[in-house]
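Q: I am attaching a structure below and will ask some questions about it afterwards.
The values are calculated or read from the model by the stated rules, or taken from the named source; none is laboratory data. On a predicted model such as this, the values are computed, not experimentally measured, just so you know. Please note: Cβ atoms are built from the backbone with ideal geometry, for glycine as well, and neighbour counts cover all protein chains shown.
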Amino acid sequence: MLKPEKYDPLKRSVAHVLDIIGEGWSILIIREAYFGSRRFEDFQRHLGIARNILTGRLKKLCANEILDRVPIKEGAKRHEYVLTAKGKELMPLLISLTHWGDKWVFGENAEPVIFLDRDHREPIKKMKVYSSRGVALRPRDIMVVAGPGASQEAQQRIEELNLAFDSPVDEPPG
């Protein structure tokens with residue numbers, strides 16, 4: 001398990017998210033929940049995951065409010081797992097990971113799964129990052145600034161990043 005506060009000076013960002021959902025089984029469980037799996041046995045059957053590992057991941061996803069554990073029906077002792085609003089907001093991440101894998105792992109025209117717009121039956125566009133004005137941004141078009149929750153250490157790291165990015169690159173000798 002990552003210790004975000006130890007390894008990530010930009011606390012509460014990527015390291016904390018990875019601590020919650022970054023383990024491979026966790027994102028696969030979330031994917032299966034999107035696909036409609038709700039019961040322990042369904043997750044286990046579709047993923048081939050060991051019971052003890054599945055139990056631990058489901059507990060962690062519930063503790064972090066990604067999934068809710070609810071009775072199958074009122075008064076039932078058996079439960080099922082449903083995505084919370086917080087869990088549903090992971091959909092763009094899941095689709096982005098799929099698109100990235102399709103491009104860099106499987107290659108063009110070898111995609112194992114294609115996400116479609118249900119109403120129009122057309123593939124979902126590849127995810128991009130857009131400015132507030134709707135302009136697609138490249139990595140070099142994006143900068144980082146300290147947010148209201150940034151620690152002093154994070155503020156210093158962000159300042160270093162911006163100074164390094166803004167520094168002119170030396171031209172190679174001619």
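For every residue, the table says whether it meets (1) closer than 25 Å to S26 by Cα; (2) in contact with a Ser or Thr (Cβ under 8 Å, 6 or more places away or on another chain); (3) in the same structural domain as S26 (by TED's automatic domain parsing).
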{"site": "I66", "(1), (2), (3)": "yes, yes, yes"}
{"site": "V82", "(1), (2), (3)": "yes, no, yes"}
{"site": "G87", "(1), (2), (3)": "yes, no, yes"}
{"site": "E153", "(1), (2), (3)": "no, no, no"}
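Q: Given the criteria in contact (Cβ under 8 Å) with a residue 40 or more places away in the chain and assigned by TED's automatic domain parsing to the domain that holds N64, does L94 qualify?
A: yes
Q: Name every residue in the stretch 107-150 that is in contact with a helix residue (DSSP H, G or I) (Cβ under 9 Å, 6 or more places away or on another chain) and of a type in the set (G, A, S), in order of residue number.
A: Hits for the stretch 107-150 are A110, S131, A146, G147, A150.
Q: If you don't mind, another one. Identify the single condition in (1) outside the structural domain of L67 (by TED's automatic domain parsing); (2) of a type outside the set (F, W, Y); (3) assigned to a loop (DSSP other than H, G, I, E, B) that E108 does not satisfy, given that it satisfies every other one.
A: Evaluating E108 over (1) outside the structural domain of L67 (by TED's automatic domain parsing); (2) of a type outside the set (F, W, Y); (3) assigned to a loop (DSSP other than H, G, I, E, B) leaves (1) as the failure.
Q: Let me ask something else about it. Collect the residues in the stretch 70-122 that are under 29 Å from F40 (Cβ atoms), surrounded by 14 or more Cβ atoms within 10 Å (Cβ to Cβ) and of a type in the set (D, E), keeping them in residue-number order.
A: Within the stretch 70-122, just E80 meets the criteria.
Q: Residues in the stretch 111-148 that are more than 23 Å from A164 (Cα to Cα) and either part of a loop (DSSP other than H, G, I, E, B) or at pLDDT below 90 (or both): how many?
A: Here the count works out to 18.
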